[in-house]
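Enquirer: Before I ask anything, let me first share the structure, which is written out below as C-alpha cells.
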Amino acid sequence: MNTITSLFLGFITAFIGIIPPGLINMTAAKVNLKEGKRNALWFVLGAILIIFFQSFFAIVFAKIINRRPDLVTLLREVGLGIFATLTIYFLVLAKKPKYKTRKLTKNSKTSRFFLGMLLSGLNFFPIPYYVFVCMTLASFKLFSFDTTSIFIFVNGVVLGSFSVFYGYICFFNGIGNKTDYVTKNMNIIIGSITGLISVITLWNVVKYYF
C-alpha cells in the first residue's frame, strides 16, 4: 500500500507542477509540430532525465531538513510567504502572457535530447517545489523518507512528468485553437496552484503553534 501511495503521490505532484503551460512542455509541443513525434520524445527524455535527478536530490535535501524541527517550521513560514506572494502576483499583478512561436533550426535526435536536458536544467523550480511538497506530505504522515519510498516517489515523478509532456505532444494539434486561451489564463492556473499550496502551508503553521 505504501508503494502505491508513494507512486501515486509522486505522479500527482509532478502532474500538478508541470501541467501549466511552460517553456518545456510548450517546446515539446512545438518540436512535435515542426519535426515530428520522434524528435519530440527525444526532447522529453532529455528533460525527464534532469527531472529525475532534480527530484531525487530535492527529496534527499528535504530528508536532511526534516530532521531539524526548527528548520522545518522556519521553512514552512518562509514557504508560506513565498507562495502567498506568488499567488497575489499571478492572480492580481501579473499581465497576461503572450505566446510567441520560435523557429527551431536544429532537428537531430541528439540535439533535441540535449536541448531537453538544457531547458530542464535551467529550470530550478522543481528543487524547492519537491522539497516543500515532500516535507508537507511527511507532516501529514503520507510520505516517509526511507530509501524505497524515495525511489518509488521519484519514479512517480518521472511517470507524471512524462504523462504531461506526452499529453502536450499528442493533443496539441487538437487544442490548437484553444492554445491562446490556455496561455492567456496561465497566470490564473499557476496562481490557483500556489494558492492551494499556501492554504496547506498555513494549516501546517497554525497546527504547529496551536
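Enquirer: Assuming 0.36 nm per residue, please report the length gained on full extension of the stretch PHE61 to PHE8 beyond their Cα-Cα distance. Before the final figure, lay out each step's value.
Expert: Numbers: separation 53, 0.36 × 53 = 19.08 nm, distance 2.10 nm.
Gain in length upon complete extension: 17.0 nm.
Enquirer: Also, I was wondering about something else. Using 0.36 nm per residue of separation minus the Cα-Cα distance, give me the extension gain between THR147 and VAL92 in nm, one decimal. Don't skip to the end; give the middle numbers.
Expert: Details: separation 55, 0.36 × 55 = 19.80 nm, distance 4.14 nm.
Full-extension gain reported as 15.7 nm.
Enquirer: Moving to a separate point now. Quick one: which of 12-20, 127-135 comes out on top by average Cβ neighbours within 10 Å, and what's the full order, highest first?
Expert: Numbers: 12-20: 20.1, 127-135: 22.1.
Highest mean packing first, the order is 127-135, 12-20.
Every number here is computed from the coordinates shown, using simple stated rules; none is lab data. Since we're looking at a predicted model, the values are computed, not measured. Glycine gets a Cβ as well: all are built from the backbone with ideal geometry, and neighbour counts include every protein chain shown.
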